[in-house]
Each structure stands twice: as structure tokens, then as C-alpha cells.
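Trainee: Below you'll find the structure I mean.
Every read-out reported here was derived from the displayed coordinates using simple, explicitly stated rules and does not represent laboratory data. Keep in mind the model is a prediction, meaning the values are calculated, not measured. Reconstructed Cβ throughout: ideal geometry from the backbone, glycine too, with neighbour counts over all protein chains shown.
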Amino acid sequence: MKIKATVFGLLIVAIVSSVTLALPRFALRTGAKCSDCHINPAGGEMRDVRGFNMSRKMSLVSPHEDFEMTNKLGPNIMFGFDFRGQFLAAKTSKGTKSDFLKMEGSVYGNVDIAEDIRVTSRYDFVWGIWEAFATAYVLPGGGYIKGGSFVPNYGIKIDDHTAYTRGGDLGVITSVGNKKQGLIFDPRYTMSGGEVGYNIAEVFSVTASVGNSRSPQVFIADPSYFISISFLPQISESFHLMLGASGANFKDSQRDANFNAVMQNVYMYGGFAGFSIGDFSLLGEIDFAKNYSGKDSLSTALMLEASYRIVHGVEAVVRFDRFDPVTKISKDEFSRVIIGFEFFPYSFIEVRPQFRVQTEHPTAKNNAFVLQMHFFY
């Protein structure tokens with residue numbers, strides 16, 4: 001019984017847990033960059049003063065204006081957190097099971113040690129993950145240099161790691177042996193190294209990262225390389241576009257037909273795009289990974305997300321995910337439709353009810369209802 005409970009617990013984590021990043025559609029809708037509201041220049045995780053104030057005002061009900069709120073401990077010190085938990089009811093071959101589970105417990109800190117230099121950290125006590133890096137805005141034209149442990153910039157940094165363009169379902173949703181079910185960006189993935197970035201004329205941005213992976217899924221003997229380029233033009237006050245491309249090269253530890261460990265040189269590349277008109281936004285990303293699921297293999301990952309702001313603080317969201325581990329093999333792909341809502345009933349509180357319809361070959365009873373609670377600051 002304990003083994004079954006443990007397996008079911010892992011299933012729940014893999015289906016719905018997420019690392020809190022910027023919601024890309026919010027940036028697209030406002031015509032801003034993710035870095036405009038977050039400490040990390042590549043976007044995501046800890047919010048700066050502007051992001052904190054936007055988070056306070058994005059809900060249906062905001063705290064009383066007389067109640068002083070700030071994420072600053074002093075003139076050059078900031079803090080923050082993201083706490084997530086959820087209720088899940090999942091179909092199995094033996095019926096429906098349900099459970100409550102913790103998902104994320106990240107605590108952030110940031111210290112501006114000089115006018116153009118800051119040190120940022122994150123500790124997630126649920127996953128036992130550290131990130132710590134320093135950012136120096138010392139390059140000509142507003143560019144920066146970053147060094148330490150961080151998640152490299154690639155594609156759309158959607159806030160749900162179970163999207164196949166991020167980390168996927170950690171390999172426990174369907175019974176497929178050693179086959180991958182998403183790209184490398186699961187919630188445990190970080191890289192120790194450096195990053196250089198530029199923002200040009202407020203519409204172009206480029207980042208390049210190099211370092212060694214610290215993911216438990218990948219053992220790296222040689223450096224990993226990541227590059228991402230994006231173009232964010234504002235067509236009108238209510239019409240915004242996003243176009244971009246990403247590339248990566250890294251070593252991946254895999255198993256051959258005899259289950260011996262081998263290192264593969266993986267090349268990953270893709271494009272992403274989106275637009276926002278008024279309260280509607282559409283985001284999409286497609287990626288290709290050569291040698292990712294074995295030598296001479298080609299894998300593809302796809303994500304499409306449509307959202308509509310019904311009223312201030314309430315969003316309807318539909319997402320389609322698809323992952324094909326080996327394009328030469330038919331009926332080995334996974335796909336999923338997610339239908340749900342996002343409520344911000346009060347400042348710094350988010351509620352996400354979702355229904356997830358999963359399809360794969362052979363078919364299995366594994367659809368799920370998810371109700372997530374998110375507290376952040």
C-alpha cells in the first residue's frame with residue numbers, strides 16, 4: 001500500500017507541479033518584457049518593485065489602500081516567495097483517486113550591492129533546489145553579464161513545467177519505459193555558468209548562456225550552450241506581437257539498446273510567436289531536438305496557449321501540448337488539451353481550476369481535474 005501511495009503521489013506531482021515564472025501572456029498583453037517586472041533579466045521568479053505593484057493590482061479585490069505593503073526590507077534589499085499546493089482527482093485503470101499535495105515553496109532574496117550590480121537567490125524547500133547568481137549591468141548599450149546558478153533562457157518560459165516544451169510529465173504519466181516526455185527544463189534543471197544579454201531599442205533582446213548542467217536527469221562533461229533572440233513590436237496600443245528563436249547544444253546521458261550509459265551530443269532549436277489583441281492573446285512554440293531520444297533521432301515539442309481576460313482578475317485559458325519522441329516512429333507521440341480558468345480573487349492569491357485530457361498510444365485512463373492554489377509576494 002505504501003508503494004502504491006508513493007507512486008500516486010509522484011503522479012500528482014508530475015501532472016500539476018510548476019516552477020513559478022512570469023506569465024508570458026501578461027507581458028505580451030501590456031507590451032512589456034518579462035524583465036520589466038522581474039529581478040532576473042531573462043524573466044521569471046522573483047518580482048521587482050514594478051512586478052510587486054502590478055501583482056497587487058491584478059486581482060478582483062485589492063488590499064485596503066491604507067495598509068502599507070512592500071517587498072523591500074531596506075533601500076537595497078528585497079524579498080519574495082511563491083507557495084503552491086493543489087487538489088487533484090485523476091482517473092486510473094482502477095477508478096478515480098484524489099489527493100492534496102504541496103508543489104512549490106520558493107523563497108527569494110535580492111541585494112543591490114552597487115548601482116549596477118545585484119545578487120539574487122532562490123531556495124525551493126519542496127524540491128531542494130538552490131539558485132544564486134550575480135548580475136552586472138556594465139556592458140555598453142544597457143547589456144548585462146550574469147554568473148552563478150540559474151535556469152538558462154530558452155523559448156517561452158511558460159510557468160507550467162509540465163508543458164512538453166519545458167519538462168513534460170517527468171516520465172510517470174504513461175508507461176513508456178525510458179522514452180522522454182518533454183524537453184530538459186523540468187523543475188530541477190539549473191545550470192552553473194554565465195550569461196550575456198542585450199536589449200536593443202526596447203523591442204529586440206538577445207541572451208547567450210554557457211555552463212554545466214546541474215540537472216539530475218543530465219550529466220554534462222562538456223559545457224552547454226543556449227541562445228535566445230526575441231522581437232517584441234507594438235503595432236498599436238492594443239495590438240502587440242512577439243517573434244523569437246532559440247538554440248541549444250548540450251551533452252545528454254542516455255541508455256543504448258543494452259541499457260549501457262552513452263553520451264549524446266544534442267542539438268535543440270525552435271521558434272516561438274504570439275500576439276495580443278485587447279483581452280485576447282495567443283502564444284505558440286515549436287522545438288526540434290536532434291539525438292535527444294537516441295542517436296540520429298529527431299524529437300519535436302509543441303505548445304499552443306489561448307487566453308481571454310473575462311474581467312479584471314479572471315482569465316479563461318486553453319492549452320494544447322504535443323510531444324513526439326522519435327518522428328520516424330508512428331504512434332509514439334503524446335498530446336493533451338488543458339481547459340481551465342485563472343482567478344485572482346485577492347492580491348497575491350491565485351486559483352487555477354483545470355481539466356486535463358491526455359491522449360497517447362495505447363490509450364489510457366489518466367485524465368485529471370486539478371485545483372491549484374498559489375500564494376506569492
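Trainee: Cα-Cα over 31 Å: which of LYS102/LYS365; LYS72/LYS157; LYS157/LYS295; LYS91/LYS295; LYS157/LYS328?
Mentor: The answer is LYS91/LYS295.
Trainee: If you keep only loop residues by DSSP, which GluC sites (Glu not before Pro) in segment 68-155 have at most 13 other Cβ atoms within 10 Å of their Cβ?
Mentor: Sparse-neighbourhood loop GluC sites (Glu not before Pro): GLU68, GLU115.
Trainee: Rank by packing, highest mean first: peptides 193-199, 292-298, 37-43, with packing defined as the count of other Cβ atoms within 10 Å averaged across residues.
Mentor: 37-43, 193-199, 292-298
Trainee: May I ask you to evaluate 6.51 cos²θ - 1.76 cosθ + 1.60, the Karplus curve with θ = phi - 60°, for each residue of segment 225-232 and list the ³J(HN,Hα) values in order in whole Hz, giving x for glycine and proline?
Mentor: Per residue, the Karplus-derived 3J(HN,Hα) values read 10, 9, 9, 9, 10, 9, 10, 10 Hz.
Trainee: Please state the shape class of segment 37-176: rounded when a/c is under 1.5, otherwise prolate if a/b exceeds b/c and oblate if not, all from the C-alpha gyration tensor.
Mentor: The shape class here is oblate.
Trainee: Work out from phi, with θ = phi - 60° and the Karplus expression 6.51 cos²θ - 1.76 cosθ + 1.60, the ³J(HN,Hα) of each residue of segment 102-110, listed in order in whole Hz, and give x for Gly and Pro.
Mentor: Those phi angles translate into 6, 10, 8, x, 9, 10, 10, x, 9 Hz.
Trainee: Here's another thing I want to ask about it. Roughly how big is the chain's charge dipole about its Cα centre, with Cβ charges of +1 (Lys, Arg) and -1 (Asp, Glu), in debye to the nearest 20?
Mentor: 1260
Trainee: Between ILE229 and PHE204, with labels modelled 7 Å along Cα→Cβ, what's the label distance in nm to one decimal, could you check?
Mentor: 0.8
Trainee: Report ³J(HN,Hα) in whole Hz for each residue of segment 67-77, in order, from the Karplus equation J = 6.51 cos²θ - 1.76 cosθ + 1.60 where θ = phi - 60°; Gly and Pro get x.
Mentor: Taking θ as phi minus 60°, the curve returns 8, 6, 10, 7, 9, 10, 9, x, x, 9, 10 Hz for segment 67-77.
Trainee: Let me ask another. Would you mind getting me the FRET efficiency between HIS312 and LEU371? Use the beta-carbon distance for r and R0 = 22 Å, nearest 0.05.
Mentor: 0.50
Trainee: Further question: Charges only on Cβ, +1 for Lys and Arg, -1 for Asp and Glu: so what's the dipole of segment 91-212 about the Cα centre, in debye to the nearest 20?
Mentor: Roughly 740 debye, rounded to the nearest 20.
Trainee: Using a cut-off of under 16 Å, list every residue of segment 223-247 whose amide N is near the label point 7 Å from the Cα of ASP279 along the Cα-to-beta-carbon line.
Mentor: The answer is 238-239.
Trainee: Given the options GLY168, GLY142, GLY244, state which has the largest fluctuation in a GNM of the chain using a 10 Å cut-off (strictly under) for Cα springs.
Mentor: GLY142
Trainee: Could you tell me which of PRO24, PHE341, TYR154 has its Cα farthest along the dipole of the chain towards the positive end, charges placed at Cβ (Lys, Arg +1; Asp, Glu -1), taken about the Cα centre?
Mentor: PHE341
Trainee: Out of segment 88-174, which trypsin sites (Lys or Arg not before Pro) are coil in DSSP terms and have no more than 16 other C-beta atoms within 10 Å?
Mentor: Counting only loop positions with at most 16 other Cβ atoms within 10 Å, the trypsin sites (Lys or Arg not before Pro) in segment 88-174 are LYS94.
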